[in-house]
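*Asks:* Pasting in a structure now, in structure tokens, and then I'll have a few things to ask.
What follows draws every value from the coordinates through simple rules; no lab data is involved. None of the values given here were measured: they were computed from a predicted structure. All Cβ positions, glycine included, derive from the backbone under ideal geometry; neighbour counts span all protein chains shown.
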Amino acid sequence: MPRFEPHPDPRPAIVTGASSGIGAATALALAAAGHPVALGARRTDRLDDLAAKIVADGGEAIAVALDLTDDASIRGFVRRAEDGLGPIEVLVSNAGDVQPITTTADPAEFARQMQVNLLGAQALVHEVVPAMVRRRRGDVVFVTSEVAHSPRTHMAAYVASKAGLEGFAAAMAMECEGTGVRVGIVRPGPSATEQGTTWSVESVEEVVASWQHWGLLRHDGSLRPAEMAQAILAVVSAPKGTRWAVLEVQPEAPVREGEP
Ligand SMILES: NC(=O)c1ccc[n+]([C@@H]2O[C@H](COP(=O)([O-])OP(=O)(O)OC[C@H]3O[C@@H](n4cnc5c(N)ncnc54)[C@H](OP(=O)(O)O)[C@@H]3O)[C@@H](O)[C@H]2O)c1
């Protein structure tokens, strides 16, 4: 007798923030591994294109609008995902927003980032996880950030939300102990995605100068979305009987020329 029942097959999965970057790459990786995937984000044209690619490649995917600042949208997203794919076995809470603001920023802007990065993730858990607990199985992965332990200037809401998300995930892992529901944190380092690409040139210059002042830009290596996707897939695919609690992935520094 195995210590634990094996994973069911297939395992329908939700990926939030699937319209770009790490989320899109994760959806592709999960689909290639046999998971039917529900793709969530606001830019549904991108989700439609990605779902079509997954289906053309022999996988199963549906594109569903999701705005994590809107409770009704979150509820509707989960219902449509379940209607389309069946009970959700895997939740990848990946969507995130970061705008360059400081601790004295407009509270409304601060709250909006907290809503997407932290409160939206909790609202998804509220919709998805009780049924996982009843079924006595499931995987939940929170995509956090290295800023959770290494804060950066000009990212006040982002740092607070990601640190909060890690605390939330740790508390949830304790609550889920013995339920068959596994909770994992995947914590990316710097990654080449669309994050930050909407910032003004002036903002980028100010932020980079500040990070240099604080010694935060030690090399210019960055992760590719597909590399982060492999980490998320590994956590979700970990054999039953194990739980990968925290996986931090950092870019390797470019190899120096010459003698060490
Ligand atoms: N890039 C990095 O260096 C880095 C480092 C550490 C951690 N991370 C984390 O990795 C995760 C993925 O980010 P990424 O780097 O892949 O950036 P990205 O390419 O900008 O992707 C962010 C995703 O979040 C979605 N999103 C933003 N606001 C949303 C909202 N209100 N409702 C629903 N979805 C929303 C976006 O979709 P729509 O705009 O279409 O809604 C997009 O799909 C984030 O949690 C980020 O904090 C990134």
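*Asks:* In region 183-205, how many residues are assigned to a strand (DSSP E or B) and over 16 Å from GLN122 (Cα atoms)?
*Replies:* Pass one, region 183-205, residues assigned to a strand (DSSP E or B): 183-188, 191.
Within this subset, residues satisfying the condition of being over 16 Å from GLN122 (Cα atoms) are 186-188, 191.
Adding up the residues that qualify gives 4.
*Asks:* Let me ask something else. Answer with yes or no whether GLY76 is more than 10 Å from the ligand (Cβ to nearest atom), part of a loop (DSSP other than H, G, I, E, B) and of a type in the set (Gly, Ala, Ser).
*Replies:* Numbers: more than 10 Å from the ligand (Cβ to nearest atom): yes; part of a loop (DSSP other than H, G, I, E, B): no; of a type in the set (Gly, Ala, Ser): yes.
The answer is no for GLY76.
*Asks:* Would it be correct to say that SER150 is surrounded by 24 or more Cβ atoms within 10 Å (Cβ to Cβ) and within 14 Å of the ligand (Cβ to nearest atom)? Walk me through how you get there before you give the answer.
*Replies:* Details: surrounded by 24 or more Cβ atoms within 10 Å (Cβ to Cβ): no; within 14 Å of the ligand (Cβ to nearest atom): yes.
Here the answer is no, as SER150 does not meet what is asked.
*Asks:* Also, quick follow-up: What about VAL125, is it within 14 Å of the chain's Cα centre (by Cα), within 11 Å of the ligand (Cβ to nearest atom) and closer than 19 Å to GLY17 by Cα? Before you say what the answer is, go through the steps one by one.
*Replies:* Numbers: within 14 Å of the chain's Cα centre (by Cα): yes; within 11 Å of the ligand (Cβ to nearest atom): no; closer than 19 Å to GLY17 by Cα: yes.
No; evaluated as a whole, the condition is false for this residue.
*Asks:* If MET132 satisfies every condition in (1) part of a helix (DSSP H, G or I); (2) surrounded by fewer than 23 Cβ atoms within 10 Å (Cβ to Cβ) but one, which is the exception?
*Replies:* All conditions pass for MET132, except number (2).
*Asks:* For region 92-108, give me each residue that is within 13 Å of the ligand (Cβ to nearest atom) and either outside any strand (DSSP E or B) or farther than 16 Å from ALA163 by Cα (or both).
*Replies:* We begin by selecting, within region 92-108, every residue within 13 Å of the ligand (Cβ to nearest atom); these are 92-99.
VAL92, ASN94, ALA95, GLY96, ASP97, VAL98, GLN99, listed by residue number.
*Asks:* Please go through region 194-212 and give me each residue that is in contact (Cβ under 8 Å) with a residue 12 or more places away in the chain and touching a Leu at 6+ places or on another chain (Cβ under 9 Å), ordered by number.
*Replies:* Passing the criteria: SER210, TRP211.
*Asks:* When region 174-189 is examined, which residues are found to be farther than 15 Å from LYS240 by Cβ and surrounded by fewer than 18 Cβ atoms within 10 Å (Cβ to Cβ)?
*Replies:* Start the filter on region 174-189 by keeping residues that are farther than 15 Å from LYS240 by Cβ, which leaves 174-175, 185-189.
Correct list: MET174, GLU175, GLY189.
*Asks:* So, in region 213-228, how many residues would count as being assigned to a helix (DSSP H, G or I) and either surrounded by 11 or more Cβ atoms within 10 Å (Cβ to Cβ) or within 7 Å of the ligand (Cβ to nearest atom) (or both)?
*Replies:* Here is the first cut: in region 213-228, the ones assigned to a helix (DSSP H, G or I) are 213, 225-228.
Retained after the next criterion (residues that are either surrounded by 11 or more Cβ atoms within 10 Å (Cβ to Cβ) or within 7 Å of the ligand (Cβ to nearest atom) (or both)): 225-228.
Qualifying residue count for the region: 4.
*Asks:* Of ALA123, ALA171, ALA111, which residue is part of a helix (DSSP H, G or I) and within 30 Å of GLY241 (Cβ to Cβ)?
*Replies:* Values: ALA123 fails: within 30 Å of GLY241 (Cβ to Cβ); ALA111 fails: within 30 Å of GLY241 (Cβ to Cβ).
From the options ALA123, ALA171, ALA111, the qualifying one is ALA171.
*Asks:* Name the residue that is farthest from the ligand (Cβ to nearest atom), counting only residues in region 38-58 that are crowded, with 20+ Cβ neighbours inside 10 Å and free of Cβ contacts under 8 Å to residues at least 40 places away in the same chain. Lay out the reasoning, then the answer.
*Replies:* Of all residues in region 38-58, those crowded, with 20+ Cβ neighbours inside 10 Å come to 38-41, 47, 50-51, 54.
This time we only want the ones that are free of Cβ contacts under 8 Å to residues at least 40 places away in the same chain, so: 39, 47, 50-51, 54.
Details: LEU39: 9, LEU47: 8, LEU50: 10, ALA51: 14, ILE54: 15 Å.
Looking at the filtered set, the residue picked out is ILE54.
*Asks:* Could you check ALA18 against (1) in a loop (DSSP other than H, G, I, E, B); (2) closer than 16 Å to GLU89 by Cα; (3) within 13 Å of the ligand (Cβ to nearest atom) and say which number it fails?
*Replies:* Unmet for ALA18, out of (1) in a loop (DSSP other than H, G, I, E, B); (2) closer than 16 Å to GLU89 by Cα; (3) within 13 Å of the ligand (Cβ to nearest atom): (2).
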